[in-house]
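The values are calculated or read from the model by the stated rules, or taken from the named source; none is laboratory data. What you see is a predicted model; the values in this text were computed from it and never measured. Neighbour counts run over all protein chains shown; Cβ positions are idealised from the backbone, glycine included.
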């Protein structure tokens, strides 16, 4: 397979950390057990090969006693003691069952560890945020964590153990086949163990032709995984925005968009079907021919009387085992193609996480750092978009504790981006942001984030819900005008869809009243409320949080009366203005 080397290096880079981690002890113990059980199945296959020879010899010789002895409790043969088939089968079943069971235990442990590691890396240093802003070749990170990690672990173990078993089977049955083959005269030259060489040539030709026919599947599977994820994301996004679609009567447009994405998926699927059809035409033919091919090459020795019927069946079985082992690449080509595509996606995701975290560690963008004093200070601040367009240039400003500052300016001038910089999360631009020493800040965007779970969890986020007294949570709901939700405090629901925009903003108000931050940043936090609701919102904040510093973004002129100072963004400058 072309360029298999880089894929193997990437696979090792993905897999090796687990086997060096604190969990490697149990992982290695499980792996050793699974390998041992797989070795046992190979040994049992060899034993069955010899049992098969004795069994068919008993049929040829019409030896009824030997026939039933070999089926049931066993007997002594020329090869030594031979257990009955029922004992061999019982052991084989137990080994096979526990080989799968322990392999599954290893799969879930390995996947659990990798999931935690990827989540840690993705969330650390807000790598997820930078990746989302730049879209650095990492489409659908949710799929890469949920689906690609599962496929990588499962396929790596299946393919790795399958390859190991094929190598061991090959080593075991080559010896058997060599001894059974005898020699073949070719142009006056005696070729010992000729069936081994025939099996080798047969498998080599099959492997080369399989790769030649099926290599397009690698790229097509990479595209398929992306198309599936894009379509699934579009469906989830539609589900999360059903009210907006319904209000706009946008069903026809949504249907077109969904079908367009599904069209990409089906177009790719047709290409996969054609490539798979060609591959299966060959591999199925190859496999069917392999059923009779060993009998064909061993038949001359049987008909010449050199071997009995049991010898013929053992020779055919040994040939099949050798040929199947050598043909592992042929049989697993489609799995290898999917596995390689999965490795490429995970490696790309891992590289994007590393790049995002390196950029954060290298101080790319505005530098947010803890200041020595109590003020929030912007010093020589430049804010840019990911495409390089500058929003704010060389701006300086200072906000002192206890102030209520209103930030104004036309849409698109960078007001929300200024808040993101104050939060220390905006990675594009330059300058310095000195954060208030020891201050606790809370940001309330126009559309509050309501996490999955209970209303209590949404109310207390990001604090632990269990740490907030029940009465305090209920009081915050009442003060925010959400007293009718008190009885549903511990009810799980999709609250971001269950509550109206105004109710969601009131949940954010209740959150502020509960968490009591020192600094409060409100980005159009009352845009969904009516004037009376907006006035009550700010009145509650000033009454319940009298010492909190408040910085607001708003377009409504009425908001200005709740602030004693204003900053205006215009023409890339941040200047003082009338409140």
Item checked: residue 478 vs. criteria under 23 Å from residue 520 (Cβ atoms), surrounded by fewer than 17 Cβ atoms within 10 Å (Cβ to Cβ) and modelled with pLDDT of 90 or more -> yes
Item checked: Lone unmet requirement of (1) crowded, with 18+ Cβ neighbours inside 10 Å; (2) within 23 Å of residue 121 (Cβ to Cβ); (3) under 28 Å from the mean Cα position of the chain (by Cα) for residue 420 -> (3)
Notebook entry, point to check: Would the range 270-289 turn up any residue that is modelled with pLDDT under 75, assigned by TED's automatic domain parsing to the domain that holds residue 172, part of a helix (DSSP H, G or I) and at negative phi?
Noted result: yes
Next item on the list: Would you be able to say whether some residue in the range 37-47 is on the phi > 0 side of the Ramachandran plot and either crowded, with 16+ Cβ neighbours inside 10 Å or part of a helix (DSSP H, G or I) (or both)?
Entry: no
Next item on the list: Only helices (runs of 4 or more DSSP H) wholly contained in the range 60-168 count here; list those with 3 or more residues that are at pLDDT 90 or above.
Entry: 85-123
Item checked: Residue under evaluation residue 468, criteria (1) at pLDDT below 90; (2) out of contact with any helix residue (DSSP H, G or I) (no Cβ under 8 Å at 6 or more places or on another chain), criterion not met -> (2)
Item checked: Output for the range 388-411, where each listed residue is loosely packed, with under 15 Cβ neighbours inside 10 Å, in contact with a strand residue (DSSP E or B) (Cβ under 8 Å, 6 or more places away or on another chain) and not in a strand (DSSP E or B) -> 400, 402, 410
Note to self: Looking at the range 481-502 only, could you name the residues that are under 29 Å from the mean Cα position of the chain (by Cα) and either surrounded by fewer than 18 Cβ atoms within 10 Å (Cβ to Cβ) or not assigned by TED's automatic domain parsing to the domain that holds residue 440 (or both)?
What the structure shows: 492, 493, 494, 496, 497
Next item on the list: Name, by its number, the condition in (1) over 30 Å from residue 60 (Cβ atoms); (2) in contact (Cβ under 8 Å) with a residue 60 or more places away in the chain; (3) crowded, with 18+ Cβ neighbours inside 10 Å that does not hold for residue 268.
Entry: (2)
Next item on the list: Select from the range 326-336 the residues that are modelled with pLDDT under 80 and either assigned to a helix (DSSP H, G or I) or within 18 Å of the chain's Cα centre (by Cα) (or both) and list them in ascending order.
Entry: 326, 329, 330, 331, 333, 334
Check: Which fully enclosed strands (runs of 3 or more DSSP E) of the range 521-578 have 2 or more residues being touching a strand residue (DSSP E or B) at 6+ places or on another chain (Cβ under 6 Å) and modelled with pLDDT under 90?
Finding: 573-577
Margin query: Any residue that is part of a loop (DSSP other than H, G, I, E, B), touching a helix residue (DSSP H, G or I) at 6+ places or on another chain (Cβ under 8 Å), over 18 Å from residue 93 (Cβ atoms) and touching a residue at least 24 places away in the same chain (Cβ under 8 Å) - is there at least one of those in the range 24-32?
Written below: no
Note to self: Can you tell me how many residues within the range 290-307 are modelled with pLDDT of 80 or more and surrounded by 14 or more Cβ atoms within 10 Å (Cβ to Cβ)?
What the structure shows: 0
Notebook entry, point to check: Consider residue 62 against the criteria (1) on the phi > 0 side of the Ramachandran plot; (2) within 25 Å of the chain's Cα centre (by Cα): it satisfies all of them except one. Which criterion is unmet?
Noted result: (2)
Note to self: Return the residues of the range 449-474 that are in a loop (DSSP other than H, G, I, E, B) and crowded, with 21+ Cβ neighbours inside 10 Å; say none if nothing qualifies.
What the structure shows: 450
